[in-house]
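Everything on this sheet refers to the single structure shown next.
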Amino acid sequence: MKVLLLDIYKEGTDYRISKDTNGSYGTGNDYGDGLFAKFLKKISKRTNFWPPLYLMYTGSVLREKGHQIEYSNRIVDFDNYDAIIMSSSIVCHETEINTIKGIKDKSKVIVIGSFASNCSKNYLNEGVKVIKGESEFYFLDNELEDLLNNQSAKNISNNSDITNLDRLPFPCWDLVAKYLSFSGTIHKKTCIPILAERGCPYSCFNYCTYPLEQGRKPRARASKNIVEEIKYWINKMGVNEFIFRDPVFSINRERTVELANMIIKEELKIKFTIEDHLNNIDHDLALLLKKAGVFFIQVGIESVDLEVMKDAKRFTLQESKEIEKTEMLRSLGIKVMGMYILGYETDTKESCLATIEYAKKLNTYLAVFSVFTPYPGTPIYSKFKNKIFANKYEEYNQWNPIFHHKNLSTSEIRKLLDHAFNSYYLNIKWATKNFLLAF
C-alpha cells in the first residue's frame, strides 16, 4: 500500500513550530515581541526542525511490513494514497482539522500522537480513525489493511506490549533528511533525533505532558541497540550530530554510564545534545558524557522561588547547587541552556523578576523563558479549565498566556517575557562569556 505520513503545520508564523517537543503536544516558539526575542525566533525557525519521532517510528514499522512510505508537511494530492497517517498536536490542531476536512475519503485517515490520544473528540467528529497510545507498537502487532477495512473501528485502543523499545526498527529519518536540523549555534546543522528511554517518573507530571505521551515508568533501549542506530546513521547519511529526545536523559545512572562507555569504546566521533535534570549530573558523569560527545545540555530551572516550585509540585535544587553544577559544566566545555517558566499559578511580578535575575546570575550559554500553560489531559488542567480564555488550541503554544492569572494580566506576562530575553541577552556578563560560542 502507498502510505503518506502527513505532518501538517500552521502557516504564516514568524516562529518555529515543533510537534515533537512538549510531550509531542508541540510548541510554537513565539518568544515575545522584544528585540532579542525576535532575533531568537528568526534563528530558531531557520536552524531547528524535525518531524515528530513517533511519526517516523510508525513510518519505519510500516515500511518494514512492505508498504511504500512517503512524507509531506504540505497539502498534496491525497487521492494518490491508500492510507494517510497524520500526526496530531495541540499547537497545530485547528490546521490539522481543516486539512482533514479537505480529504475526500476520510476512512483512510488515521490520526496518531499523544494529543489525539488524550483529546480525540475533534478528530473523531471528522470521521477519521484515532489510535490511542504509541502507534508504532500498534502497527508492529496489527496490520494496516485490517484497520482500514474495519469501518466500525474509530477510537482504537492500543493493547500492544510497549515495554521493549528494542522491538522497534530505526525511525525512517532518511525520508526527511532535508528537513532535519538542530544547532547549539546560529548555524544550521543536520542532526538526527534519537531515543534512549521513554517515561518520566518525576513529580512535575502534575503539569508536564511527557507522561501523557510516554507514561511515568521508564523504559530503556539496550545500549547496544542505541549504538547500532548511531552507527547506522553515520554510515547511511554521514551525520555525526544527534539530539536525544528523552525527557530526562540520565534517570538511570548505570545505563547512562554504560551507553557513554560504549560510545567511547566504539570510537564514534559524534556530538550530541541531551535534556537532563541538574540533580542527576555530577563531575564524574559530566566528564564521561563530555568524552562520549555531549556538547550541549538543556536543563529545566523553571523558577527561583521555592514556594512557587512547591505549589507546582516541581522538585528543584538549592541555588548554590545549581550555580555549582552549571559552572562545573561550563568548566568542562559543555554548553548549558537554562529553561525557565514565567506565570506559574502563584507567580507574581516580583517572583518572575527574581527568576529573570537568577537566570542572569547563572549566566548559561542560552536561556529560554516560556509561559506556564495548563494542558488538557494533565492533572492540573481541571483546576484551570474555567479560567481559560483561549479560543483555539493553537493558542496553547507555551509562550502565549491562555488563562486569567490571579496576579498577572496577559499584557504583564508578555512584557515580562520581553524583559527576560532583552535583559538576559543584552547583558554584558552574558556577552563576555557566551556570545562568541554561538559562532
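The values are calculated or read from the model by the stated rules, or taken from the named source; none is laboratory data. Please read these numbers as outputs of a predicted model, since none were measured by experiment. FYI the Cβ positions are ideal-geometry reconstructions off the backbone, even for glycines, and counts take in every protein chain you see.
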(Q) Quick check on segment 84-106. Is at least one of its residues more than 25 Å from TYR15 (Cβ to Cβ) and touching a residue at least 60 places away in the same chain (Cβ under 8 Å)? (A) yes
So SER183, is it closer than 24 Å to TYR396 by Cα and either of a type in the set (Lys, Arg) or touching a residue at least 60 places away in the same chain (Cβ under 8 Å) (or both)
no
Looking across segment 43-76 at residues that are of a type in the set (S, T, N, Q) and in contact (Cβ under 8 Å) with a residue 60 or more places away in the chain, the single one that is farthest from LEU148 (Cα to Cα) is THR47
Only one of (1) surrounded by 17 or more Cβ atoms within 10 Å (Cβ to Cβ); (2) not in a helix (DSSP H, G or I) does not apply to CYS204, and that is (2)
Per the filter on segment 1-32, residues basic (Lys, Arg) and touching a residue at least 60 places away in the same chain (Cβ under 8 Å) are LYS2, LYS10, LYS19
When segment 245-260 is checked residue by residue, the ones that are surrounded by fewer than 24 Cβ atoms within 10 Å (Cβ to Cβ), of a type outside the set (Val, Ile, Thr) and in a helix (DSSP H, G or I) are ARG253, GLU254, ARG255, GLU258, ALA260
- Yes or no: SER44 at pLDDT below 95, polar (S, T, N, Q) and outside the structural domain of LYS392 (by TED's automatic domain parsing)? yes
If we keep only residues of segment 207-226 that are among the aliphatic types (A, V, I, L, M) and surrounded by 17 or more Cβ atoms within 10 Å (Cβ to Cβ), then the residue nearest to the chain's Cα centre (by Cα) is LEU212
The residue that is farthest from ASN386 (Cα to Cα), considering only those in segment 398-414 that are assigned to a loop (DSSP other than H, G, I, E, B) and aliphatic (A, V, I, L, M), is LEU408
Restricting segment 231-244 to residues that are among the hydrophobic types (A, V, I, L, M, F, W, C) and in a helix (DSSP H, G or I), the one surrounded by the most Cβ atoms within 10 Å (Cβ to Cβ) turns out to be TRP233
For segment 210-230, does any single residue satisfy the condition of being under 30 Å from PHE39 (Cα atoms) and either assigned to a loop (DSSP other than H, G, I, E, B) or aromatic (Phe, Trp, Tyr) (or both)?
yes
When every residue in segment 130-156 that is in contact with a Phe, Trp or Tyr (Cβ under 9 Å, 6 or more places away or on another chain) and assigned to a loop (DSSP other than H, G, I, E, B) is compared, the one farthest from ASN98 (Cα to Cα) is GLU134
Next item on the list: For segment 422-429, indicate whether the set of residues that are small (Gly, Ala, Ser) and surrounded by fewer than 16 Cβ atoms within 10 Å (Cβ to Cβ) is non-empty.
Entry: no
The helices (runs of 4 or more DSSP H) lying wholly within segment 10-129 that contain at least 2 residues that are within 28 Å of GLN214 (Cα to Cα), in contact with a helix residue (DSSP H, G or I) (Cβ under 6 Å, 6 or more places away or on another chain) and of a type in the set (Gly, Ala, Ser) are 114-118
Counted residues in segment 152-199 being surrounded by fewer than 20 Cβ atoms within 10 Å (Cβ to Cβ), β-branched (Val, Ile, Thr) and farther than 17 Å from SER135 by Cβ come to 3
Counting only residues in segment 61-106 that are among the hydroxyl-bearing types (Ser, Thr, Tyr) and touching a strand residue (DSSP E or B) at 6+ places or on another chain (Cβ under 8 Å), the one surrounded by the fewest Cβ atoms within 10 Å (Cβ to Cβ) is identified as SER72
Restricting segment 123-175 to residues that are of a type in the set (Lys, Arg) and at pLDDT 95 or above, the one nearest to MET237 (Cα to Cα) turns out to be ARG167
Selection from segment 261-274 of residues out of contact with any helix residue (DSSP H, G or I) (no Cβ under 8 Å at 6 or more places or on another chain) and surrounded by fewer than 21 Cβ atoms within 10 Å (Cβ to Cβ) yields LYS265, GLU267, LYS269, LYS271
